[in-house]
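Peer 1: One structure is given below, represented as structure tokens, and several questions about it will come after.
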Amino acid sequence: MLSKVVISGTRRNIVRNNILHRISRSYSYVNFPQGDSIESPKPTLSQFKNPLFHCFLIASTTYIVLHIVWTSLSSSEKEAKFVEKTKVLEDRIQQLVDERKNEFESTRKWSNMFKFWK
């Protein structure tokens, strides 16, 4: 009493659909028993391996992207502050150089230069 199962479609289409179905559903698929069992067995940790891995992968990728964005924004703010601070310090240095130059020229006299040759 063997009966032959007739499958519609070509073998190539059946194989392709089967593979696509397994790939598309394998990342979040947990097998629960079907039927009228009184006590259903508890799922094992290995059934949750792929979903947990994908969750970790998505979380770590999100963290890395957000950290890169935050670092770039932070560095642009710090750069603006450093440019402003540099300008203030350069102005202060130039002011001190000008003061020193004026002091030197005011103390410099012809008579002091001749004292060097004594």
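Rule-based calculations on the coordinates, nothing more; no lab input. As the structure is a prediction and not an experimental result, all values here were calculated from the model.
Peer 1: From the phi angles alone, apply the Karplus equation (6.51, -1.76, 1.60; θ = phi - 60°) to region 86-100 and give each ³J(HN,Hα) in whole Hz, x where the residue is Gly or Pro.
Peer 2: Values, residue by residue: 5, 5, 5, 5, 5, 4, 5, 4, 4, 5, 5, 5, 5, 4, 5 Hz.
Peer 1: When the chain is fully extended, how far beyond the present Cα-Cα distance does LEU45 get from SER72, taking 0.36 nm per residue of separation? Each step should come with its number before you reach the end.
Peer 2: On the way: separation 27, 0.36 × 27 = 9.72 nm, distance 3.98 nm.
Using 0.36 nm per residue and subtracting the Cα-Cα distance, I get 5.7 nm.
Peer 1: Mind checking the full-extension length gain between LEU57 and ASP91? Use 0.36 nm per residue of separation minus the Cα-Cα distance, one decimal, nm.
Peer 2: Details: separation 34, 0.36 × 34 = 12.24 nm, distance 5.11 nm.
Difference between extended and current length: 7.1 nm.
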